[in-house]
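The values are calculated or read from the model by the stated rules, or taken from the named source; none is laboratory data. What you see is a predicted model, and the numbers here were worked out from it, not measured in a lab. Every residue, glycine as well, gets a Cβ built from its backbone with ideal geometry; the counts of neighbours run over all protein chains shown.
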Amino acid sequence: MVKNARYDSYTERILISTLGMTPQVVTESVYALATRKKDNFIPSKIFIIGTKVSVDNFRKAIGNTNDEIYQIKLLCEDLQIPVPEIIIEEVRDESNVDVLDINDTQVSALFADRLLALVRKVTSNPNSALALFLAGGRKIMSFYAGHILSIYGREQDFLCHVLVDPKLENDPTFFFPLKRHNQTRNSSQPVDKEIILVDVPYVRLSHIIGKQNYGSLSFEKLVRKINNEQDKRIVINIKEDQILVSGVKIHFPPVQKLFFLYFINSLYKDISELDGPRGRRDKNWSKNILKYYEELRKSGWDIELRPSTLKQLDEGLEPQYFRVIISKINRRLKEALGIDATQYLIQSVGKPPRKYKVSCPRSLIEIRLT
């Protein structure tokens with residue numbers, strides 16, 4: 001939670017509440033935010049997201065025959081605050097059919113995508129501040145809410161949970177504590193009963209990943225993309241004939257693949273720098289890399305050089321040929337990784353006769369044989 005934040009300076013103060021079968025969490029949340037002594041937050045807009053069953057139950061409980069948000073208006077009148085705009089987001093499937101419960105993998109994904117789209121939209125506005133509540137609905141809904149805010153939450157956005165006296169948790173007539181002593185609705189609704197607002201710390205990643213253009217990716221695809229981008233390893237999977245660099249699959253032509261793997265394997269064996277080819281044709285370089293080529297093939301790696309390439313290498317590695325291969329490898333890495341490619345490039349070191357190295361730490365290399 002941001003200390004001494006002045007939320008009144010934000011033109012949009014958004015409250016998002018996940019909704020289960022306890023509609024009171026909405027009024028309790030508004031009450032808790034508006035009455036806390038420090039950094040009170042008066043929502044200008046409330047988004048309520050739930051299934052058809054929970055939304056129908058909310059409308060029935062919060063409204064009456066004359067006003068569908070009666071209890072919310074009564075709360076605002078009691079606290080003498082403006083009535084916020086209420087927007088109800090009902091989860092539906094791809095065919096626009098009502099979802100009745102968050103009770104399986106497919107429906108859970110639908111809820112996550114709906115909430116993700118909502119949070120993404122709200123946080124794209126620099127003049128908004130967001131309070132996201134965890135109190136309503138199934139546990140998985142709360143998990144998604146916290147996870148999504150970690151991805152998109154900004155300094156002014158916060159995560160909350162609201163608690164009430166256990167005796168009142170299942171009381172369908174309790175919506176908020178009354179402040180005005182001359183106003184009573186039910187004996188079970190105490191005048192000064194405390195509602196506890198819990199600020200939930202969360203890891204804010206938006207400054208790291210939020211600047212990326214993730215568009216309208218689903219929650220599952222977004223998480224996978226972020227994980228891949230944060231994975232800085234080089235994974236050499238012999239069995240799958242696969243090279244992953246920083247989570248991205250790199251496709252090299254055979255000779256480029258051979259040279260890249262040779263450098264990575266040398267680094268894995270704690271050989272941090274390799275001499276470049278010496279003389280007009282370096283027989284020693286050719287001998288070593290052709291030996292490694294045979295080792296790869298015996299281990300099951302699907303790599304086959306052209307006869308002309310094998311002949312050229314067997315006659316000795318030419319420095320110009322070597323530099324062209326290295327240049328092509330680096331170009332392919334830059335195309336795939338952009339600015340993140342730097343530590344994976346094969347770079348020359350010092351003055352001639354030059355050495356060559358990959359700057360990636362050995363600890364980030366993983367070689368899978370099975």
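Any residue at all in the stretch 319-327 that's part of a helix (DSSP H, G or I), modelled with pLDDT of 95 or more and among the small types (Gly, Ala, Ser)? Yes, some residue in the stretch 319-327 is part of a helix (DSSP H, G or I), modelled with pLDDT of 95 or more and among the small types (Gly, Ala, Ser). The set of residues in the stretch 108-119 that are crowded, with 17+ Cβ neighbours inside 10 Å, more than 14 Å from the chain's Cα centre (by Cα) and either hydrophobic (A, V, I, L, M, F, W, C) or not assigned by TED's automatic domain parsing to the domain that holds Glu89 (or both) comprises Leu110, Phe111, Leu118.
Tell me whether the stretch 300-307 contains one or more residues that are in a helix (DSSP H, G or I), assigned by TED's automatic domain parsing to the domain that holds Ile339, under 20 Å from Ile326 (Cβ atoms) and in contact with a helix residue (DSSP H, G or I) (Cβ under 9 Å, 6 or more places away or on another chain). No, that holds for no residue. Would it be correct to say that Glu85 is at pLDDT 95 or above and farther than 24 Å from Val200 by Cα? Yes: the conditions hold for Glu85. The single condition from (1) under 18 Å from Lys52 (Cβ atoms); (2) out of contact with any Gly (no Cβ under 9 Å at 6 or more places or on another chain); (3) in contact (Cβ under 8 Å) with a residue 12 or more places away in the chain that Ser95 fails is (3). Filtered by the rule that a residue be among the aliphatic types (A, V, I, L, M) and closer than 19 Å to Ile250 by Cα, the stretch 337-369 gives Leu337, Ile339, Ala341, Leu345, Ile346, Val358, Leu364, Ile365, Ile367, Leu369. In the stretch 230-239, which residue that is touching a residue at least 40 places away in the same chain (Cβ under 8 Å) and among the charged types (D, E, K, R) is farthest from Leu267 (Cα to Cα)? That would be Lys239. Count, please, the residues in the stretch 123-141 that happen to be under 19 Å from the mean Cα position of the chain (by Cα) and buried (at least 20 other Cβ atoms within 10 Å of the Cβ). Selection size over the stretch 123-141: 7. One residue alone among Leu317, Leu290 is farther than 25 Å from Ala341 by Cβ, of a type in the set (A, V, I, L, M, F, W, C) and in the same structural domain as Gly350 (by TED's automatic domain parsing), and that residue is Leu290. The residue that is nearest to Lys239 (Cα to Cα), counting only those in the stretch 286-324 that are among the polar types (S, T, N, Q) and surrounded by 14 or more Cβ atoms within 10 Å (Cβ to Cβ), is Asn288. Within the stretch 241-270, take every residue that is within 14 Å of Ser359 (Cβ to Cβ) and not in a helix (DSSP H, G or I) and give me the one that is modelled with the highest pLDDT. Among those residues, the one meeting the criterion is Val245. Going by the conditions given, is Ser246 over 30 Å from the mean Cα position of the chain (by Cα) and within 23 Å of Leu369 (Cβ to Cβ)? Considered against the rule, which asks whether it is over 30 Å from the mean Cα position of the chain (by Cα) and within 23 Å of Leu369 (Cβ to Cβ), Ser246 comes out as no.
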